[in-house]
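Since every read-out is calculated from the coordinates, none of them should be taken as a lab result. Since we're looking at a predicted model, the values are computed, not measured. Here Cβ is always computed from backbone atoms with ideal geometry, including for glycine, and neighbour counts include all displayed protein chains.
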């Protein structure tokens, strides 16, 4: 579970990297047909998003036993045996899930600390990451440089995340390694707090912010699964988290 979810988050990071590269190229279209680069960026990336959404509408099957179709292939994605196994697992997971009240999802107090971690673990990095492009522009980098300078922290963050998840899986100790990212960010946050970044070298500030944001992302959904004692309601606990 830990490694599989890591690949999910890695795909999202690669999408961000691709968007940054596309933005770098599209913004260079400034002046084409008399339009600004940002207009081309909104138009082309918007059309790409619409195309992917339209494609997903036809690719998404109604259920595990209804994957065959003109757009998905006449043979479907699974064999009859695989479909039988999936349906049985879903039914056995919890046939009463439909009547479950949302209060029952938070009734297991053992999971409250994990929910609290889920609410707070991104707080230190959220603001620096959201304002990274504006911060880089404020340091004197132009738009094209900024779009390229956000890529290293995404690549390094993906590598560090997968490495940490692999170590956590091997050592069977997800919680300790999940706290590592907070320890990782602390010295960089202290540096940004005490140093006047307007007087420091812009490349030094960029390196510090990049290293801070390469924190290894911890995966706590797998940790949640290991701690709930009601396996039949595991999916509900994941949604609550």
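Quick rundown of the values:
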{"quantity": "Sorted peptide list for 54-60, 123-129, criterion being average Cβ within 10 angstrom, highest first", "calculated": "123-129, 54-60"}
{"quantity": "Burial ordering of 142, 196, fewest other beta-carbon atoms within 10 Å first", "calculated": "196, 142"}
{"quantity": "Gained length - residue 120 relative to residue 156, 0.36 nm times residue gap less alpha-carbon distance", "calculated": "10.7 nm"}
{"quantity": "Proxy reagent accessibility, fewest Cβ within 10 Å first, across 44, 116", "calculated": "116, 44"}
{"quantity": "Sorted by Cβ neighbour density within 10 Å, fewest at the top, the residues 162, 212", "calculated": "162, 212"}
{"quantity": "For region 118-138 versus region 148-205, the gap between their alpha-carbon centres in whole angstrom", "calculated": "12 Å"}
{"quantity": "Two-site label geometry, residue 72 and residue 204: point separation in nm, points 7 Å out along Cα→Cβ", "calculated": "5.7 nm"}
